[in-house]
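Please treat every number below as a calculation from the coordinates, not as lab data. Nothing here was measured: the structure is a model prediction, and the numbers come from that model. Ideal geometry is used to build each Cβ from the backbone, glycine not excepted, and the neighbour counts take in all protein chains shown.
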Amino acid sequence: MLAILTWEDCQAILETLEVLSDDEAVEQLRRSMEEVKDGKQIPWKEAKARLGL
């Protein structure tokens, strides 16, 4: 079987593997997903204001 990927798809797969190999990043992602599920996100305007942007 032969699979052909675009360069962008290949890069995306490699970046995903890199993130998934970092235990701290995976834990942060898991916590973030839980916060979204629990409705703990904030509006974009408020986030920018908190960051001084």
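Report the label-to-label distance for E46 and E8 in nanometres (one decimal), using points 7 Å from each Cα along the Cα→Cβ vector.
The modelled label-to-label distance comes out at 3.4 nm.
Work from the charge dipole of the chain (Cβ charges, +1 for Lys and Arg, -1 for Asp and Glu, about the Cα centre) and give the residue of I13, A49, A3 farthest towards its positive end.
The listed residue farthest towards the positive side: A49.
Helices from the chain with mean Kyte-Doolittle at least 1.6 and a Cα length along the axis of 24 Å or more, per DSSP H: which?
none
Using helices alone, what [θ] at 222 nm do you get for the chain, with -39,500 (n - 2.57) per DSSP H run of 4 or more residues, divided over all residues and rounded to the nearest 500?
Values: 3 runs with 37 residues, N = 53.
For the chain, the value works out to -22000 deg cm²/dmol.
Would you calculate the separation in nanometres between label points at L53 and T16, each defined as 7 Å from the Cα along the Cα-to-beta-carbon direction?
For L53 paired with T16, the spin-label model returns 2.5 nm.
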